[in-house]
Amino acid sequence: MTDLAQLEARIGILEDIEAIKKLKHKYLRCLDGKLWDEMEDCFVDDVKTSYFNDEIKTDGKEATMQFFRMGLIDDIVAIHHAHQPEIEITSEITARGTWGLYNFLVDKKGDWAQRVGGIYHEEYVKVDGKWKMKSVICRQIFHEHWERKDIPSAQITFRGTPQHAARL
């Protein structure tokens, strides 16, 4: 392989890694903003997922989206952060990744909150030149839950809707 061909191949891998990072960021933005129609584009039709250390598993895009719609109702405000990506391109059309997770949720009506730390393990596939999630496994390291009334000094101000924040 020539030096130019090697350079082109290396740049291609970097572009694929960056595209997968953007896919993950879109997934999180849509999750927090409850942008379900836009989020559907992140997955292949036969996506498989596992959340809460295998407590919830879905098979297929429709079941996955139903899980999100039912779990993140309007009363719940969430922020999900994924960081420290380790992405490996395994072929021209496949990849896998591992991400750290930090998640904070507040139920405005139920007046509870929770923090979650964990690890995402994912597989990706390139379909028609676009990376999509093929498999998502989220393993929790910790899950902290509390009633907000138990902390009398706790105050929270909601500034707009999650949909608004997702579109800024």
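The values are calculated or read from the model by the stated rules, or taken from the named source; none is laboratory data. Remember, it's a predicted structure, so these values are computed and weren't measured experimentally. FYI the Cβ positions are ideal-geometry reconstructions off the backbone, even for glycines, and counts take in every protein chain you see.
Brief remarks on what is shown
Conditions (1) among the β-branched types (Val, Ile, Thr); (2) out of contact with any strand residue (DSSP E or B) (no Cβ under 6 Å at 6 or more places or on another chain); (3) under 30 Å from residue 12 (Cβ atoms); (4) surrounded by 13 or more Cβ atoms within 10 Å (Cβ to Cβ), marked per residue:
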position: 67; (1), (2), (3), (4): no, no, no, yes
position: 73; (1), (2), (3), (4): yes, yes, no, no
position: 79; (1), (2), (3), (4): yes, no, no, yes
position: 94; (1), (2), (3), (4): yes, no, yes, yes
position: 118; (1), (2), (3), (4): no, no, no, yes
position: 127; (1), (2), (3), (4): yes, yes, yes, no
position: 151; (1), (2), (3), (4): yes, yes, no, no
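Results for (1) at pLDDT 95 or above; (2) part of a strand (DSSP E or B); (3) touching a Phe, Trp or Tyr at 6+ places or on another chain (Cβ under 9 Å); (4) more than 16 Å from residue 26 (Cα to Cα), shown as yes or no for each residue.
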residue: 85; (1), (2), (3), (4): yes, yes, yes, no
residue: 92; (1), (2), (3), (4): yes, no, no, yes
residue: 95; (1), (2), (3), (4): yes, yes, yes, yes
residue: 103; (1), (2), (3), (4): yes, yes, no, no
residue: 115; (1), (2), (3), (4): yes, yes, yes, yes
residue: 119; (1), (2), (3), (4): yes, yes, yes, yes
residue: 134; (1), (2), (3), (4): yes, yes, yes, no
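- Condition met for residue 74 (on the phi > 0 side of the Ramachandran plot and either at pLDDT 95 or above or among the charged types (D, E, K, R) (or both)): no
- Within the range 7-45, if we keep just the residues that are among the hydrophobic types (A, V, I, L, M, F, W, C) and free of Cβ contacts under 8 Å to residues at least 60 places away in the same chain, the residue that is nearest to residue 132 (Cα to Cα) turns out to be 39.
- Residues located in the range 129-149, provided they are under 30 Å from residue 15 (Cβ atoms), surrounded by fewer than 12 Cβ atoms within 10 Å (Cβ to Cβ) and not charged (D, E, K, R): 129
- Condition check for residue 144: assigned to a strand (DSSP E or B), more than 24 Å from residue 23 (Cβ to Cβ), among the acidic types (Asp, Glu) and in contact (Cβ under 8 Å) with a residue 12 or more places away in the chain: yes
- Scanning the range 104-148 for residues that are of a type in the set (D, E, K, R) and over 21 Å from residue 73 (Cα atoms), we see that the one that is nearest to the chain's Cα centre (by Cα) is 122.
- Residue count for the range 26-46, restricted to those that are in a helix (DSSP H, G or I) and out of contact with any Leu (no Cβ under 8 Å at 6 or more places or on another chain): 11
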